[in-house]
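Heads up, the thing below is written out as structure tokens.
The values are calculated or read from the model by the stated rules, or taken from the named source; none is laboratory data. Only a predicted model underlies this, so the values are computations on that prediction, with no experimental measurement involved. A quick note on method: Cβ atoms are made from the backbone with ideal geometry, for glycine too, and the neighbour counts reach across all protein chains shown.
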Amino acid sequence: MSVQSGTPAHPCPRPSRPLLGRSAGRLGALALSLGLGVTMASAVSVPAEADGSSVAYAGRQPALPGGNVALTWAPLYMANDHEYTRAESERLAKRFDLVAAVPFGLADHSAAMRRVNPDLTLLAYSNATLGDPDDVRGLPEAAFAHTAGGARIKAPAWGTYLMQPDNAQWRAKADSICREKADLGGFDGCLVDMLTLGIYAKGEATGQPAEPGTNRTWSQAEYRDHMIKLAADLRRRSPDLVQVGNMIENSYRYWESDVPSRPLVASSPSAQMEDFLRGAHDGAGEFPTVAEWRKNVQVITDMEASGKIGLFTTKVWSGSRAIAKQWQSYAMASFLMGANGKSFFAFTKSRDKRGASQTQGEYPMPNNLGLPQGAMQETGNGAFIREFANGAAVVNPTRESVRVDLGRTMSGLGSGTGQSSVVVPALSGNVFVVGGTPAPARPAIDTLGKGKPKAKTVRAGRWTRVAVKVANPGGKATPGGWLRATGGKVASKKVRVPSLRPGRAKVARVKFRIKARPGRAAVKLVYVAGGKRDVVKIPLKVVRGRR
């Protein structure tokens, strides 16, 4: 389940452009159905409506850049802050192939984002089954889902109502909400949330839905069939919109549950797997078994084999920076084990703006891997490798370190030296590229000393200095950058930081002042180099300034 969106605040007409919105040069030899740039899903056997009509309604898919499997997306709607500046929006467009957002945050910038990246797909967050009180006001009681006892059902965490999935008035309303958000944001369509069985999870809803007019609670299988029909009807009502349903949940639900989500995906052209390899609130040190790891990768290969497009997200919203780095490289390499150009990957480190936009990540997805040269192969000692035209992905899902022969000299994530044979630690992964590092590690900043910074005493309104160490843990030199202090009522002077060679660090002294009342406060020290940045927060004890 994901955050509920607000009403778009900045109307923006949808730009006039081809349905696919992809440049011919990057498409290459990608096959397009009907010659319109719309990839159509194959018909499958799914439940029929009451009138006997098929609900296997093919819909428009997100477009795909040709000749690339290292596709990424940004789930901005997961954050608690949805406002983006023009510069931030353009950086998103340069980095990602698909962005899903609450539309008001990007509405003023969507046209500019498309100018930066004509290949970008923009999706607005909408919800297929949970209705915001403002959105459902005025709908008849029959549009609301009820328990066998006749009570309305709510999702307490979100303050929303569970709606009746087979009610025509709710279906029309859900379609209009998606349509309005896409139009106001100038987007291609919607990421449609809660086409899952999530309401059956403990604590997610105040009750379970029943068949209208009876005291019989629907089984999960029956509710799943209603989700299939609902999603198909939304595609039928708005065939010009891309609609990606949040349907999969996780690999257990896809493959092993008594009521699996795989039939939902089989009925739809595109789907989201929100918990690839782990759930957001799983322990940071909890890794899947080898068998579980295989099943996660097999979701990707299974979907792509049937022509489906998938959005995959690995969320690590707790734990240290070191464990987040481990998870990111592990998840990225695992994704590449199955991706063949129809899947998008996201790694989020926190449920805030930085996490959703992935500015906290250590490793951008390498865009120079080239095409895969076959499926993943087991090395014989528990690790897995997949060869690409210009590199390789390696994953060790076991509990012991292993050595892997790469077959040629390559450099991995954050590694500055070419290697043809590498030791892969337990529960880790890496992506290697010929001719240099696939993605530079971001610059690092810390305070002088170990552990959490202690509060620094400063006088209100007076200039003070703090010593900071900036470092380059990556595999190649960082460009020159700058360091400054930011925060509420903080004034600062930029300090230039020279280019740093790999493994080198430099102590810089930042001068700032804060106009705050005596008491507790904080200042953020920001280091920017080569378009990347790192931030450390230092607590302050503000005392009265001298007259």
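Please list, ordered by first then second residue, the pairs with beta carbon atoms under 6 Å, 6 or more apart or interchain, first in region 375-398 and closer than 14 Å to residue 429 by Cα and in contact (Cβ under 8 Å) with a residue 24 or more places away in the chain, second of a type in the set (S, T, N, Q) and assigned to a loop (DSSP other than H, G, I, E, B).
Final answer for the pair search is 382/398.
Evaluate the following for residue 296: is it polar (S, T, N, Q) and free of Cβ contacts under 8 Å to residues at least 40 places away in the same chain?
On the way: polar (S, T, N, Q): yes; free of Cβ contacts under 8 Å to residues at least 40 places away in the same chain: no.
When the stated conditions are applied, residue 296 does not pass them.
So for region 161-172 (the condition being crowded, with 18+ Cβ neighbours inside 10 Å, under 25 Å from the mean Cα position of the chain (by Cα) and of a type outside the set (A, V, I, L, M)), does at least one residue qualify?
no
For region 211-222, state whether one or more residues are more than 30 Å from residue 150 (Cβ to Cβ) and part of a helix (DSSP H, G or I).
As a first pass, look at region 211-222 and keep what is more than 30 Å from residue 150 (Cβ to Cβ): none.
No, every residue in region 211-222 fails to be more than 30 Å from residue 150 (Cβ to Cβ) and part of a helix (DSSP H, G or I).
Please go through region 280-324 and give me each residue that is surrounded by fewer than 14 Cβ atoms within 10 Å (Cβ to Cβ) and within 22 Å of residue 355 (Cα to Cα), ordered by number.
Residues satisfying the conditions are 281, 283, 285, 286, 320, 321, 322.
Given (1) touching a residue at least 12 places away in the same chain (Cβ under 8 Å); (2) part of a loop (DSSP other than H, G, I, E, B); (3) of a type in the set (D, E, K, R); (4) under 25 Å from residue 361 (Cα atoms), identify the lone condition not met by residue 258.
Looking at each condition in turn, residue 258 falls short on (4).
Going by the conditions given, is residue 239 touching an Asp or Glu at 6+ places or on another chain (Cβ under 9 Å) and in a loop (DSSP other than H, G, I, E, B)?
no
So which residues in region 92-151 are among the polar types (S, T, N, Q), touching a Lys or Arg at 6+ places or on another chain (Cβ under 8 Å) and outside any loop (DSSP other than H, G, I, E, B)?
Within region 92-151, 126 is the sole residue that qualifies.
Return the residue satisfying two criteria in turn: it lies in region 201-236 and is under 26 Å from residue 315 (Cβ atoms) and small (Gly, Ala, Ser), and of such residues it is surrounded by the most Cβ atoms within 10 Å (Cβ to Cβ).
231
Can you tell me which residue is farthest from the chain's Cα centre (by Cα) among those in region 510-526 that are modelled with pLDDT under 85, over 17 Å from residue 463 (Cβ atoms) and of a type outside the set (Lys, Arg)?
Per the criteria, the residue is 522.
Could we say that residue 356 is in contact with a Ser or Thr (Cβ under 7 Å, 6 or more places away or on another chain), of a type outside the set (Val, Ile, Thr), part of a strand (DSSP E or B) and within 30 Å of residue 89 (Cα to Cα) here? It would help to see each step written out before you state the result.
On the way: in contact with a Ser or Thr (Cβ under 7 Å, 6 or more places away or on another chain): yes; of a type outside the set (Val, Ile, Thr): yes; part of a strand (DSSP E or B): no; within 30 Å of residue 89 (Cα to Cα): yes.
No; evaluated as a whole, the condition is false for this residue.
Quick one: residue 153 ticks every box in (1) surrounded by fewer than 20 Cβ atoms within 10 Å (Cβ to Cβ); (2) over 29 Å from residue 60 (Cβ atoms); (3) touching a Gly at 6+ places or on another chain (Cβ under 8 Å); (4) of a type outside the set (Ser, Thr, Tyr) bar one, so which box is it?
In the conditions (1) surrounded by fewer than 20 Cβ atoms within 10 Å (Cβ to Cβ); (2) over 29 Å from residue 60 (Cβ atoms); (3) touching a Gly at 6+ places or on another chain (Cβ under 8 Å); (4) of a type outside the set (Ser, Thr, Tyr), residue 153 misses (1) alone.
Residues in region 194-202: is at least one part of a loop (DSSP other than H, G, I, E, B), small (Gly, Ala, Ser), closer than 30 Å to residue 252 by Cα and without any contact (Cβ under 8 Å) to a residue 12 or more places away in the chain?
yes
Can you spot a residue in region 237-252 that is surrounded by fewer than 22 Cβ atoms within 10 Å (Cβ to Cβ) and more than 22 Å from residue 125 (Cα to Cα)?
yes
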